[in-house]
1. Give the number of residues within the range 145-167 that are free of Cβ contacts under 8 Å to residues at least 12 places away in the same chain and β-branched (Val, Ile, Thr).
2. Please work out which residue is modelled with the lowest pLDDT, limiting yourself to the range 155-183 and to residues that are among the small types (Gly, Ala, Ser) and touching a Lys or Arg at 6+ places or on another chain (Cβ under 9 Å).
3. Run Ser87 past the list (1) among the polar types (S, T, N, Q); (2) surrounded by 13 or more Cβ atoms within 10 Å (Cβ to Cβ); (3) farther than 30 Å from Glu182 by Cβ and report the number of the one that doesn't hold.
4. Could you tell me which residue of the range 151-178 is surrounded by the fewest Cβ atoms within 10 Å (Cβ to Cβ), considering only residues that are among the charged types (D, E, K, R) and out of contact with any helix residue (DSSP H, G or I) (no Cβ under 6 Å at 6 or more places or on another chain)?
5. Return the total of residues in the range 179-197 being closer than 20 Å to Val90 by Cα, surrounded by fewer than 11 Cβ atoms within 10 Å (Cβ to Cβ) and aliphatic (A, V, I, L, M).
6. Being assigned to a helix (DSSP H, G or I) and at pLDDT below 75 is the requirement here; does Ala17 meet it?
7. Somewhere in the range 136-144, is a residue surrounded by 13 or more Cβ atoms within 10 Å (Cβ to Cβ) and in contact (Cβ under 8 Å) with a residue 24 or more places away in the chain?
8. When residues of the range 66-116 are filtered for being among the acidic types (Asp, Glu) and under 21 Å from Leu189 (Cβ atoms), how many remain?
Amino acid sequence: MDIVIGLAIGLPVGFLAALGLAIARAGSLGKAFEGLAVAGKASQDAAFAAKLTAIHAGAEIKQIEPPKPVKPSGAPLRMLALLQAESRLVDFLLEDIEGATDQKIGEAVRQVHKQAQAALKRHAVIEQVLPGNEGDTTTVPKGFDPSAVRVVGNVTGEPPFTGAINHPGWRVKELKLATPAEGADEFVLQPAEVQIP
């Protein structure tokens, strides 16, 4: 009889003690039940149990981290760097010309234009997207490339569309740019220059 009374008291007390310990370790009753659910799944799924064992044994598990932003390619900036080197185009565009006279601006534009045009022709083969001139009538066919031709105005229905050329567009057919030196930062359009006396 004493054994039965001991079991009747001991089992519930032991269960409550074990539950209290589980809650204390887990941090909450909900987490304790989650732990019991995980243990139940591990007893039925060998692959899951192996993963738990690996974690428990301290095996290295790769943490899932958000991908680091990829630094964009500086290749498109190489042409801008050339235009800066050969015509100082970036210097001109970033210069404050508010107080400059029209004559001074005109002289600067003429010089930058001549040098930039020569650099552009030397390093790129550029062609018009559409044949013709501004104001000419053209037909945009069905299946046209919207990245090459932008149709604007009263656009309804399906192509072909007929309208006037606002701009014939430009497309680079060939680019003649040198590969940058190993490790060069292509985002530097022109390195800073320091004169040592």
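The values are calculated or read from the model by the stated rules, or taken from the named source; none is laboratory data. All values derive from a computational prediction rather than experimental measurement. Glycine also receives a Cβ, built like all others from the backbone with ideal geometry; neighbour counts cover every protein chain displayed.
1. Initial filter on the range 145-167 (free of Cβ contacts under 8 Å to residues at least 12 places away in the same chain): 145-147, 150, 153-157.
From what is left, the residues that are β-branched (Val, Ile, Thr) are 155-156.
Going through the range 145-167 one residue at a time, the tally reaches 2.
2. In the first step, residues of the range 155-183 are kept if they are among the small types (Gly, Ala, Ser); the result is 157, 163-164, 169, 178, 181, 183.
When the remaining residues are screened for being touching a Lys or Arg at 6+ places or on another chain (Cβ under 9 Å), the result is 169, 178.
Values: Gly169: 95, Ala178: 84.
Only one residue fits best here, namely Ala178.
3. (3)
4. Taking the range 151-178 and keeping what is among the charged types (D, E, K, R), we get 158, 171, 173-174, 176.
Next cut, out of contact with any helix residue (DSSP H, G or I) (no Cβ under 6 Å at 6 or more places or on another chain) only: 158, 171, 173-174.
Details: Glu158: 6, Arg171: 12, Lys173: 9, Glu174: 9.
For the range 151-178, the residue satisfying everything is Glu158.
5. Count: 2.
6. Details: assigned to a helix (DSSP H, G or I): yes; at pLDDT below 75: yes.
The answer is yes for Ala17.
7. To start, the set of residues in the range 136-144 that are surrounded by 13 or more Cβ atoms within 10 Å (Cβ to Cβ) comprises 138, 140, 144.
From what is left, the residues that are in contact (Cβ under 8 Å) with a residue 24 or more places away in the chain are 138.
There is at least one residue in the range 136-144 that is surrounded by 13 or more Cβ atoms within 10 Å (Cβ to Cβ) and in contact (Cβ under 8 Å) with a residue 24 or more places away in the chain.
8. So the first thing to find is which residues in the range 66-116 are among the acidic types (Asp, Glu), and the list is 86, 91, 95-96, 98, 102, 107.
Then keep just the ones that are under 21 Å from Leu189 (Cβ atoms); that gives 86, 91, 95-96.
Adding up the residues that qualify gives 4.
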